[in-house]
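Inspection log for the structure reproduced underneath, given as structure tokens.
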Amino acid sequence: MSEIKDLAAYFRREAEREREYARLLEGTASKSHNLMLKALMKAVSLDSMKHASLYEALADLVENPRLVTEEESEEVAREVERHIREEAEAVEELERLLKDERIISNPAAKFIVELMLRDERFHHALLKRLEEAVLKPLLFKEEDYWEMVWRDAVWHGTPGG
């Protein structure tokens with residue numbers, strides 16, 4: 001049990017380190033009058049806050065692994081499907097922007113669009129992976145059980161085959 005507590009404590013220390021780094025980045029961003037520089041520093045700061053949240057989730061996961069109810073997982077699965085579609089649309093829109101001469105000819109604008117496109121592609125892949133690796137296994141319902149029983153039954157309900 002001590003190993004789990006040590007690991008959880010490590011994750012919580014890392015979460016605090018990420019929060020502190022985010023605060024420092026915010027301070028750096030606030031010293032600039034350049035909107036692009038501020039936006040990019042803010043983006044990195046938000047990523048650090050995201051990492052802090054993920055470290056906290058890891059600490060909770062190792063200390064308190066718990067199942068998600070079928071009702072909760074079904075609701076989340078529906079929402080994730082919607083977000084996957086929205087991310088795909090965002091990817092298409094940003095790819096269209098990268099073909100626009102006004103974007104191509106402006107290195108700073110092109111950099112920002114490429115950065116957002118990278119993030120949207122990552123979000124899309126992350127949500128698809130979440131759906132496949134986490135949500136679908138949680139959505140095992142009684143009808144899935146009976147489908148497996150029927151599929152794997154030798155006689156399929158007939159006497160003696």
Worksheet item: Quick one: in region 1-28, which of the residues that are modelled with pLDDT under 95 and among the aliphatic types (A, V, I, L, M) is surrounded by the most Cβ atoms within 10 Å (Cβ to Cβ)?
Response: 4
Fill in: Residue satisfying all of: in region 89-104; over 15 Å from residue 115 (Cβ atoms) and of a type in the set (Asp, Glu); farthest from the chain's Cα centre (by Cα) among these
101
Item to complete: Can you give me the number of residues within region 63-88 that are over 17 Å from the mean Cα position of the chain (by Cα) and in a helix (DSSP H, G or I)?
Response: 5
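The values are calculated or read from the model by the stated rules, or taken from the named source; none is laboratory data. It should be emphasised that the depicted structure is a prediction, and the values quoted were computed from it without experimental measurement. Cβ sites come from the backbone with ideal geometry, for glycine too, and all protein chains shown count toward neighbours.
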